[in-house]
Amino acid sequence: MPTGTGSFNIRNLPNTDYVIDPVLFNQLTSREFFNPPSVAIPAFGSYAKFSLPQTGIIGAINVHVVGTITTTGGTVTVAPTSLYPWDLLGFVLSGNGQNNFISCDGLDLRIRELVANRAFVDGVSTWPVAGASPFIAAAAVNFVLDYRIPIAMDDTTLVGALYAQSEATNLTIQLNVRAVSDLFNITAGSLAITGNIYFEEEIYDIPYNPNKSSQLVIPDLSVLHGIISNEIAVSSASVVDSPLPRINGDMQRLIWYTIDKTTATIALTTTAKYNYSALLYGANKTPYMFNPQAFLYRRNNRDARVILPDGQYVLDFTADNPARDRVILEGVTNLKLRTSYSTVPTGGSVVHFAEETLFA
């Protein structure tokens, strides 16, 4: 049975006559790919913000980044951190009266894509690695990063997709670029990133009911799909409880990792540095316990059919039976992620987590 009890309120729906009929919608709709104007990669520590077209039902936004990393100087010594390259960008999406229902880092989206599309192999993205140019000698090296912002929970049912066809709706996307110190430890030389960000929206036409000409036919848009990230300070503790926000909705996945600042470069804590991790609620209810931590690492491998980078973990409540395993957030109190470390991170380290939810 689900963890917790609760219910949804209806939002994200047309203000005209409509019927929710996924079968009829799939028969009548057509999918289109629309390309908004590209933008230049903003400077480190800054952002770009723009509006999206108010048309159709948005299922996903694909983001294609093409750029160049350029280092200069007589001597170049640059160590990429473990947040490089995916955390170059962070994404914030607002619309339909909901602020920031997607607000997460690029690495969160990368991990989500690996687990949501089982056995996914990225044959497009490429980037220079540590120990090679441009990080050990002055050079200009190209890179490509492909992100997917999943507006809908999945592309088959379109549950949680965004109803955009309303003049009263203001859809905005904000791209946040990390500070250079989050991505690189530079001890000699200088580094710059230039390039462009390209977008592709996956939009579905909204058909009319052939049996009632004034009635729209839509898939299940009674909920929105969100991915929200946050960070909790570790503060040199061996056991850390990270409170998870409660909303009127269901948690589908919990993505998390520890950014361990014990070295000069940021490192994602590996499985070997944990004793265990657990999901708890109430006084001391523990529906999920992974002791030793390797159990979660192996489970992620089985669920996703790929090996996630060590130190990055997912509690995937959709992997086997979403109706049974989902966490109903309104039905649990004091929900938290507990991480126990065998190698205690130093001060300044954080637990980063992203909640993927369907919510009203």
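The values are calculated or read from the model by the stated rules, or taken from the named source; none is laboratory data. Bear in mind that the values here come from a model prediction, so they are computed numbers and not experimental data. Using ideal geometry, Cβ is built from the backbone for each residue, glycine included, and neighbour counts are taken over all protein chains shown.
Matching residues to (1) surrounded by fewer than 20 Cβ atoms within 10 Å (Cβ to Cβ); (2) farther than 23 Å from residue 284 by Cα; (3) of a type in the set (Gly, Ala, Ser):
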residue: 188; (1), (2), (3): yes, yes, yes
residue: 201; (1), (2), (3): no, yes, no
residue: 214; (1), (2), (3): yes, yes, yes
residue: 238; (1), (2), (3): yes, no, yes
residue: 247; (1), (2), (3): yes, no, no
residue: 253; (1), (2), (3): no, no, no
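The residue that is surrounded by the most Cβ atoms within 10 Å (Cβ to Cβ), counting only those in segment 37-66 that are of a type in the set (A, V, I, L, M) and under 20 Å from residue 14 (Cα atoms), is 58.
So, of the residues in segment 126-163 that are of a type in the set (D, E, K, R) and touching a residue at least 40 places away in the same chain (Cβ under 8 Å), which turns out to be surrounded by the most Cβ atoms within 10 Å (Cβ to Cβ)? Break it down stepwise before answering.
The initial filter retains those residues of segment 126-163 that are of a type in the set (D, E, K, R), namely 146, 148, 154-155.
So of that shortlist, the ones also touching a residue at least 40 places away in the same chain (Cβ under 8 Å) come out as 146, 148, 155.
On the way: 146: 16, 148: 18, 155: 15.
Selected residue: 148.
Among the residues of segment 42-99, those that are among the polar types (S, T, N, Q), more than 20 Å from the chain's Cα centre (by Cα) and at pLDDT 95 or above comprise 68, 70, 71, 72, 75, 77. When 273, 261, 285 are checked against the criterion of being more than 17 Å from residue 231 (Cα to Cα) and either in contact with a Ser or Thr (Cβ under 8 Å, 6 or more places away or on another chain) or β-branched (Val, Ile, Thr) (or both), 273 stands alone in meeting it. Looking across segment 137-155, the residues that are part of a loop (DSSP other than H, G, I, E, B) and under 20 Å from residue 111 (Cα atoms) come down to 150, 151, 152, 153, 154, 155. Residue 222 falls short on exactly one of the conditions (1) more than 21 Å from the chain's Cα centre (by Cα); (2) surrounded by fewer than 17 Cβ atoms within 10 Å (Cβ to Cβ); (3) modelled with pLDDT under 95; (4) polar (S, T, N, Q), and that condition is (2).
Checking segment 278-292 against the condition returns no match, with no residue being under 26 Å from residue 84 (Cα atoms) and surrounded by 19 or more Cβ atoms within 10 Å (Cβ to Cβ).
Would you say residue 260 is acidic (Asp, Glu), crowded, with 19+ Cβ neighbours inside 10 Å and within 15 Å of residue 315 (Cβ to Cβ)?
On the way: acidic (Asp, Glu): yes; crowded, with 19+ Cβ neighbours inside 10 Å: yes; within 15 Å of residue 315 (Cβ to Cβ): no.
Judged against the criteria, residue 260 is not a match.
Could you check segment 23-36 and list, in sequence order, the residues that are surrounded by fewer than 12 Cβ atoms within 10 Å (Cβ to Cβ) and under 23 Å from the mean Cα position of the chain (by Cα)?
Narrowing segment 23-36 to residues surrounded by fewer than 12 Cβ atoms within 10 Å (Cβ to Cβ): 23, 27, 30, 33, 35.
33, 35 - these are the residues of segment 23-36 that are surrounded by fewer than 12 Cβ atoms within 10 Å (Cβ to Cβ) and under 23 Å from the mean Cα position of the chain (by Cα).
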